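Engineer: Pasting a structure here, questions to come.
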């Protein structure tokens, strides 16, 4: 089975494998990753921006020592941009060179594989070694695009009218992410395994931060993670994700803040919230007195 070929005999093995790539996964996520590989089913990860959905695919590719192929979705994404397109400039050049030599290119020569530009979905099924295919922020694409994606995920083949059917050389490990900005189709959800990825618990986020910043002061890390957790409970337009936590601990270290409740460093602390609060409204929602209160709560937790 696919998972065993990847060295994933069970969910615990998946958790350990992701940990080698510095990704801290809980039991539920590790099980979802394992089953996605074992059953050769796409894994749909849904959750708020910044909770580490994209990082799952990146860590899986690193852990399996395989290629990561990423398709970034956006409104208006179509099959041509996602699957394949013809290199018309190269075709035209070949035609002109043939004519200059007194010949004429046959139509089947014009539409040969050498002029085919592979986009992420076609690239993913034509790798000799199964890659990790990341379809990032699928909810940003139009509903029509889901039909193209379903065909690829169902049959792992692409039909090119001029060439015929191009079958998969390998079946990729597929990870789809969604920030839930729109409702995905039932057909897509039926095709996928599903896991909702929430913000990590305090202890897990501490572990993540220390893995990325092993030299960081553990007491400060504990306070930072607690502060960010409290901040996420505030009525914010954009709640800080794990990446923001990592940026903030690095910023605090750079400016010399060692304790969040250090009254003499409140100016630096307030200014450093640029790492966490990314809109004008959110900055106004957390004025200096609020920051001081949250810092005191985090330090005494």
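Engineer: For the chain, what is the calculated [θ] at 222 nm in deg cm²/dmol (nearest 500), taking -39500 (n - 2.57) for each run of four or more DSSP H residues and dividing by its residue count?
Structural biologist: When only DSSP H runs of four or more count, the value is -14500 deg cm²/dmol.
Engineer: Okay, next question. By DSSP, what percent of the beta bridges with both residues in the chain are antiparallel, rounded to the nearest 5? Walk me through the numbers on the way to the answer.
Structural biologist: Details: 7 of 24 bridges.
Rounded to the nearest five, the antiparallel share is 30 percent.
Engineer: Here are labelled values, (1) 155; (2) 167; (3) 137, and one is the computed volume of the Cα convex hull per residue in Å³ for what I pasted. Which one?
Structural biologist: Entry (2).
Engineer: Residue 154 to residue 21: FRET efficiency via 1/(1 + (r/R0)^6), r the Cβ-Cβ distance, R0 45 Å, to the nearest 0.05? Show your work: numbers first, answer last.
Structural biologist: Details: r = 29 Å, r/R0 = 0.65.
It comes out at approximately 0.95.
Engineer: Can you sort 173, 194 from fewest to most other Cβ atoms within 10 Å of each residue's own Cβ?
Structural biologist: By the 10 Å Cβ count, ascending, the order reads 194, 173.
Engineer: Please give the helix 143-155 orientation as an angle from the longest Cα principal axis of the chain, in degrees from 0 to 90, rounded to the nearest 10.
Structural biologist: Taking the Cα atoms of the chain, the angle to 143-155 is about 70 degrees.
Engineer: Between residue 292 and residue 201, take the C-beta separation as r, use R0 = 35 Å, and let me know the FRET efficiency to the nearest 0.05.
Structural biologist: Details: r = 25 Å, r/R0 = 0.72.
Efficiency, rounded to the nearest 0.05: 0.90.
Engineer: What's the percent breakdown of Cα-Cα distances in segment 95-219 across 10 Å bins, shortest bin first?
Structural biologist: 10, 27, 23, 20, 12, 5, 3, 0
Engineer: Can you give me the angle between helix 218-232 and the longest principal axis of the chain, using Cα atoms only, in degrees from 0 to 90, rounded to the nearest 10?
Structural biologist: Roughly 70 degrees, rounded to the nearest 10.
Engineer: What FRET efficiency do you get for residue 300 and residue 267 if R0 is 25 Å and r is their Cβ-Cβ distance, rounded to the nearest 0.05? Don't skip to the answer; put the middle values down first.
Structural biologist: Working: r = 21 Å, r/R0 = 0.85.
Approximately 0.70, to the nearest 0.05.
Engineer: Same structure, new question: Among 166, 230, 93, which one shows the highest mean-square fluctuation when the chain is modelled as a Gaussian network with alpha-carbon springs under 10 Å?
Structural biologist: Taking springs between Cα atoms under 10 Å, the residue moving most is 93.
Engineer: While we're looking at this one, here's another question. What's log10 of I(q)/I(0) for segment 202-295 at q = 0.18, 0.23, 0.25 Å⁻¹, Debye sum over Cα points only, no solvent?
Structural biologist: For segment 202-295, the Cα-only Debye profile gives -0.74, -1.25, -1.48.
Engineer: Another question about this same structure. What angle, in degrees between 0 and 90 and rounded to the nearest 10, separates the Cα long axis of helix 202-212 from the longest principal axis of the Cα atoms of the chain?
Structural biologist: 70
Where a number appears in this text, it was derived from the coordinates with a stated rule and is not lab data. Just so you know, these numbers come straight off a predicted model, no measurement behind them. Note that each Cβ is placed from the backbone with ideal geometry, even for glycine, and that neighbours are counted across all protein chains shown.
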